[in-house]
Amino acid sequence: MLTLSKILFSKLNENQVEYCHWKSNRNLHKALNGEEDLDVLLSERSVDIFHEIIFSLGFKIAVQPEREQSFSIRHYYGLDYNSGKIIHLQKKSHL
């Protein structure tokens, strides 16, 4: 697991962010190692603290083409400095 993944989930847990991994767990280890996108489903009340945490860790929001935009799904990218790998974090908010 990448250092950035460990720090991210440690901070989410410390701040009692309500989340779960969504989609298939079959390749979760790959997502935690930056080899696939990491899909996180959030409760609506946890969105603000989630954003504070990921932005403090250096994640950047991706701008999607208008035809692909979704109100509830956002994409973020963060650099794991120890490995040089990028984590693609896909956040879905429960509406």
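The values are calculated or read from the model by the stated rules, or taken from the named source; none is laboratory data. Computed from a prediction, not measured in an experiment: that's the story for all the values here. Reconstructed Cβ throughout: ideal geometry from the backbone, glycine too, with neighbour counts over all protein chains shown. Note: accessible area is taken over every heavy atom of the protein model, side chains too, but ligands, DNA and RNA are not part of it. Shrake-Rupley method; radii C 1.70, N 1.55, O 1.52, S 1.80 Å.
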- [ ] Would you be able to tell me the number of residues in the range 29-49 that are assigned to a strand (DSSP E or B) and charged (D, E, K, R)?
- [x] 1
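Among the residues in the range 1-8, are any at pLDDT 90 or above, touching a strand residue (DSSP E or B) at 6+ places or on another chain (Cβ under 8 Å), polar (S, T, N, Q) and open to solvent by 50 Å² or more (accessible area, probe 1.4 Å)?
Checking the range 1-8: at least one residue is at pLDDT 90 or above, touching a strand residue (DSSP E or B) at 6+ places or on another chain (Cβ under 8 Å), polar (S, T, N, Q) and open to solvent by 50 Å² or more (accessible area, probe 1.4 Å).
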Task: Residue pairs meeting the criteria (Cβ under 8 Å; at least 6 apart or on separate chains; first within 26 Å of residue 82 (Cβ to Cβ) and touching a residue at least 40 places away in the same chain (Cβ under 8 Å), in the range 17-42; second surrounded by fewer than 14 Cβ atoms within 10 Å (Cβ to Cβ) and hydroxyl-bearing (Ser, Thr, Tyr)) - done: 34/83
Open item on the list: Restricting to the range 39-94, and then to whatever is open to solvent by 100 Å² or more (accessible area, probe 1.4 Å) and touching a helix residue (DSSP H, G or I) at 6+ places or on another chain (Cβ under 7 Å), can you tell me which residue is modelled with the highest pLDDT?
Closed with: 82
Open item on the list: Considering only residues that are under 19 Å from residue 73 (Cβ atoms), in contact with a helix residue (DSSP H, G or I) (Cβ under 8 Å, 6 or more places away or on another chain) and open to solvent by 20 Å² or more (accessible area, probe 1.4 Å), which ones fall in the range 25-38?
Closed with: 36, 37
